[in-house]
Amino acid sequence: MRINTATLFLIPSVIWGSTFFAIKFQLGMVDPTWSVSYRFVLAGIILLTYSKIRRLNLSFSSKQHLFMLLQGIFLFGLNYWLVYVAEKELISALVAVAFSTIIFLNILFGTLFLRRKTEGKVYLGAFLGIVGTYLLFSNDLMGVSSEELPVVPLILCFASVVIASLGNITSVFNQSNALPVIQTNAFGMLYGGLFIGLIALMSGKSFAFDLSLAYTVSLLYLSIFGSIVAFGAYLTLIGKIGADKGAYVLIVIPVIAVVLSVFFENYLFTFQVLIGIALILGGNLIIIRKN
């Protein structure tokens, strides 16, 4: 079944915009490193099982598995681990603004590694999106003085953006070499989850699992919807329209998060917030519209 570009764009935007609430229930007695490992190992096993039931091809060369491993480490491993560590000290606004720069990194890496040219409208849409994101969170950002700014977590946050972008580019490369999204994600998520689990063991993180309903349900949501469904749609999208345009999903996410916060966290919806949302959606339309 073929899904149109707008739907592929909407699915990860809505799901990842809502995972903010699910991740809250993952923070507690279980170290974030293990939580990230559980999430992607579970997602990988589910996808591999699905592939087996559907009789999809699971036979790949060592070289293909190497690139699946690379995608897994970048996109389903190190990226999330660094974000979890950084968010212990950074407010969500700083993380959102940092991730909005991934569009420019995708443009840069796409040019360097894939020799892809980027349309001028992508730069315009990206600029509008970043300005809009800043307006959404400017009040939070203004509340952080230079003395209070945690330098190391901020570096980790931007490092995660770079790694995520490299993961995007690796996925585009894999798709251009006829590696199917579902099976690549299945092995990639399993490899990424196991890699982070190895990091947890080597760094002496206590092995634990929270059997509470809140933890297990949020883990299932993050594994199935936040990982399998959202990444499946997103990586298919960037395979179709490019990593530069597809990355705009990561700027739309704050809009979804703000809407949810208005209803569930008493977020103050101001005229400035409205302008920010308008700029993001406007940039979105500029990027995905056909010439």
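Only the coordinates and a few stated rules stand behind these numbers; no lab work does. Predicted model, so just to flag it, every value in this text is computed and none were measured. Ideal geometry is used to build each Cβ from the backbone, glycine not excepted, and the neighbour counts take in all protein chains shown.
Key figures
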item: FRET efficiency, ILE45 to PHE271 (Cβ-Cβ, R0 45 Å, nearest 0.05); result: 0.40
item: Dipole magnitude of the chain, debye to nearest 20 (Cβ charges: Lys/Arg +1, Asp/Glu -1, about Cα centre); result: 1380 debye
item: Cα Rg, Dmax, the chain, angstrom units; result: 18.5, 57
item: Lys/Arg +1, Asp/Glu -1 at C-beta; the chain dipole; positive extreme among LEU114, LEU250, GLN272; result: LEU114
item: Region 1-67 shape via C-alpha gyration tensor axes, a/c threshold 1.5; result: oblate
item: Prolate/oblate/rounded label for region 158-291 (Cα gyration tensor, a/c 1.5); result: oblate
item: LEU66 versus ALA178: modelled label distance in nm, points set 7 Å from Cα along the beta carbon direction; result: 1.9 nm
item: Choice from ASP210, ASP244, ASP31 showing the highest fluctuation, given a GNM over the chain with Cα pairs closer than 10 Å; result: ASP210
item: Long pairs among LYS117/LYS245; LYS63/LYS245; LYS121/LYS245; LYS24/LYS88; LYS88/LYS205, criterion Cα-Cα beyond 18 Å; result: LYS63/LYS245
item: Options ILE238, VAL83, PHE209, ranked by Cα towards positive dipole end of the chain, top entry (Cβ charges); result: ILE238
item: Most fluctuating residue given options PHE109, PHE76, PHE40, as computed from a GNM of the chain linking Cα atoms under 10 Å; result: PHE109
item: Residue-averaged 222 nm ellipticity for the chain, from DSSP H runs of 4+ at -39500 (n - 2.57), nearest 500; result: -24000 deg cm²/dmol
